[in-house]
Amino acid sequence: YLGDNRVAHMMPDILLALTDDMGRTQKVVSNKRLILGVIVRVASIRVDTVEDFAYGANILVNHLDESLQKKALLNEEVARRAEKLLGFTPYSLLWNNCEHFVTYCRYG
């Protein structure tokens with residue numbers, strides 16, 4: 001969460017491999033586009049509203065702060081790390097997924 005109702009997150013998307021049209025790739029991503037993005041291993045790190053990020057679902061708060069021995073970075077540093085990585089990125093379910101992105105931003 002970046003504040004002001006904005007969330008930075010990593011999202012696999014097949015359109016990233018098919019077009020450079022930012023207008024098309026910034027629209028809400030369907031489940032079919034997500035699954036194909038995972039298969040093709042392309043994603044983007046993007047900023048969306050909380051509502052667009054949740055896509056109608058409830059939001060689960062990450063409680064790693066309680067279970068990790070490492071203290072979370074300050075909010076400003078978390079936002080800086082996330083915004084520095086905005087754009088296209090390779091995707092891997094095992095080595096570079098949305099949880100890896102969040103853990104890097106929040107805990108280093």
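The values are calculated or read from the model by the stated rules, or taken from the named source; none is laboratory data. Note that the structure is a prediction, hence the values are computed from the model and not measured. Ideal geometry is used to build each Cβ from the backbone, glycine not excepted, and the neighbour counts take in all protein chains shown.
Among residues belonging to segment 6-50 that are modelled with pLDDT under 90 and of a type in the set (S, T, N, Q), point out the one that is surrounded by the most Cβ atoms within 10 Å (Cβ to Cβ). The extreme case among them is THR25.
Taking the criterion of being part of a loop (DSSP other than H, G, I, E, B) and under 17 Å from PHE101 (Cβ atoms), the residues of segment 49-84 that qualify are ILE59, LEU60, VAL61, ASN62, LEU68, LYS70, ALA72, LEU73.
Applying the criterion of being over 21 Å from ARG6 (Cβ atoms) and without any contact (Cβ under 8 Å) to a residue 12 or more places away in the chain to the residues of segment 72-95, the residue that is surrounded by the fewest Cβ atoms within 10 Å (Cβ to Cβ) is LEU94.
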